[in-house]
1. For K213, K184, write out the residues from largest to smallest accessible area, computed with a 1.4 angstrom probe and no ligands counted.
2. Within 10 Å, count the other beta carbons around each residue, average over each peptide in 232-243, 393-404, and list them highest first.
3. Put a dot 7 Å past each Cα toward the Cβ at V445 and N240; how far apart are the dots in nm?
4. Kindly identify the stretch 301-415 as rounded, prolate or oblate by the Cα gyration tensor criterion: order the square roots of the eigenvalues as a ≥ b ≥ c, call it rounded if a/c is under 1.5, otherwise compare a/b with b/c, prolate if a/b is larger, else oblate.
5. Residue by residue through the stretch 355-371, which ³J(HN,Hα) values in whole Hz follow from phi under the Karplus form 6.51 cos²θ - 1.76 cosθ + 1.60 (θ = phi - 60°), with glycine and proline marked x?
6. Subtract the Cα-Cα distance of Q518 and N16 from 0.36 nm times their separation in residues, and report this length gain in nm to one decimal.
7. Within the chain, what whole-number % of the accessible surface is contributed by carbon and sulfur, with the 1.4 Å probe and all protein chains included in the calculation?
8. Whole-Å semi-axes of the stretch 58-102's equivalent ellipsoid, largest first, each the root of 5 times a Cα gyration tensor eigenvalue?
Amino acid sequence: MSILISNQQNPTWWQNAIGYQIYPKSFFDSNHDGIGDIQGIISKMPYIKSLGVNFVWLSPFFASPNIDNGYDVSDYQAIDPQYGTLDDIFEMIDQFHQNNIRVVFDLVINHTSDQHHWFKEAKKSVDNPYHDFYIWRKPVNGSVPNNWVSLFGGSAWEYNPATKDYYYHLFAKQQPDLNWENPKVHQAVAKIIDWWAERGVDGFRLDAISHLKKNQRFKDVTNQEDAMNNVSGIDQLLANLSTDFKRNHLMTVGEAGGVPVEQAKRWVDSKKGYFDMIFQFDHVSFWEKFTVGKVDVAKLRVALTRWQNGLDNNGWNALFLENHDLPRAVSYFGNDQKFRSQSATALAMMYFLMKGTPFIYQGQELGMTNVDFNDINQFRDLDSQRFYREELTKGASPEETLVKLRDNARTPMQWNDQPNGGFSDHQPWISSNPNARYINVANEVKQPDSVLNFYRQLIHLRLKDPILLNGQYQLIETHDHQSFVYQREENHVGYLVITNLSDQPATVTISDRYQNRQLVLTNTTEKQQSSTMALKPWAAYLYKYERN
Ligand code: NOJ
């Protein structure tokens, strides 16, 4: 569609690029109904452009009953009316392209909505041509076929009286899993991919892609992962699927929790890989397992360094701290009270300058925090509700549980100090964070040392200097539980990243090899004179050095 962007001539454009994730429901409401929409995104184009990012990834806006906020698609080629129309989408793609920003959509193909016409047909009878689009098993002893559970709680099986069998759903029961053993499923999805590619989409984020293959023995499991995560044989499915992306010159980033780096090398191999990048979750421990406020920096260093080294020269990392499924980074990794802006910027520098493609989740660039709701009824997400109930039954307190919920990251984008943070003049679908009064775009644009302006500098630096694109990553071991120090170097010239990721002062001694260095960026006013550096809580320094 757009003539301005050619992915074919520049197949690795995504390596020297920064991604910005938009959660459409909470970005900007242009039609006064309290729900973000596509025209809202278009109207904020100047802001997105001003960040200096190169592509956007949009969470789903397809036709959907919204049981899981659009991750339950009922028609992949239609738009949920609450967001706008297909024409709005085409206009949006075009506007992004005119601003030289590529567009990545979210492709949810592990499952559909139960309102998708494939499923409506499938459940009618076992002879229906769509029956085999989904995963069905006969009852065993008058009950569920096995002990497999859903990630959203309870059994993964739901009985369908019309066919007298059970269908499988890894997520909510309204999200039946597609049967990827059936080649017709792949054919149908391939058509959807081609259709969007013809309309100018530059790539896809592939939802829940490590779950595509299910264990075909359908026996009870001791470890639930054995039923549905990264099951042996998935490589063949992914290799087949990847042909659709390659044919269309599409960039891909797969959501692939639980795929070890040794295997990920195969998934993102620069020649034979299935995807360009994957999101791994070792450093954020997927969803609920996370213990807020207790990040062990030593473990964080190990996890991120494993991926940096593991994919070096043979793959590419997707770098991120936040997305719509995690609480806000400044609240769980950082300190959103006493050190909000310092911890937001120190965390930013730490992950952003590693080797790979950095992603920013909307509002992260402002240091947006978890929301201070004290009642579960203020949260909307079905899985947050379920998780809350379960944790309380296990004895957890409401306070410690509420801060872990993923809705914390889904409150409206904070544009200014007006009601609802300027997101909408109507009561939003989920309340705005009261701290929008002072944490907002309008404020941060004006303050030279804001989190926003720090991110802008990081973006500029990352895209400008090839050393930050190609330079070899090397961890500088500090043997402590506070600091994260590493270098990115190429031909004896490099960057030294020094961050204190804790509420306490830290001391870091750097070797003589960095003697010849210059400060490029910092989030503090403290100057460092010697090689033994006294770091204030959440201090971050970026130096450029030349080795003798
Ligand atoms: C991962 C998505 O990011 C999450 O929001 C969703 O609930 C599940 N996949 C199911 O699609």
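The values are calculated or read from the model by the stated rules, or taken from the named source; none is laboratory data. None of the values given here were measured: they were computed from a predicted structure. Cβ coordinates were reconstructed from backbone atoms using ideal geometry, including for glycine residues, and neighbour counts include every protein chain displayed. We work out accessible area using only protein heavy atoms, side chains counted, and drop any ligands, DNA or RNA first. Shrake-Rupley method; radii C 1.70, N 1.55, O 1.52, S 1.80 Å.
1. Working: K213 25, K184 120 Å².
Result, largest first: K184, K213.
2. Numbers: 232-243: 15.9, 393-404: 13.8.
Top to bottom by mean Cβ count within 10 Å: 232-243, 393-404.
3. About 5.0 nm, to one decimal.
4. Working: a/c = 2.17, a/b = 1.67, b/c = 1.31.
Since a/c reaches 1.5 and a/b is larger than b/c, the shape of the stretch 301-415 is classed as prolate.
5. The phi angles translate into 7, x, 9, x, 10, 10, 8, 2, x, 4, 5, 9, x, 4, 10, 4, 8 Hz.
6. Values: separation 502, 0.36 × 502 = 180.72 nm, distance 2.39 nm.
Result: 178.3 nm gained on full extension.
7. Details: 10190 of 21470 Å².
The computed percentage sits at 47.
8. Values: eigenvalues 98, 23, 11 Å².
Gyration-tensor ellipsoid for the stretch 58-102: 22, 11, 7 Å.
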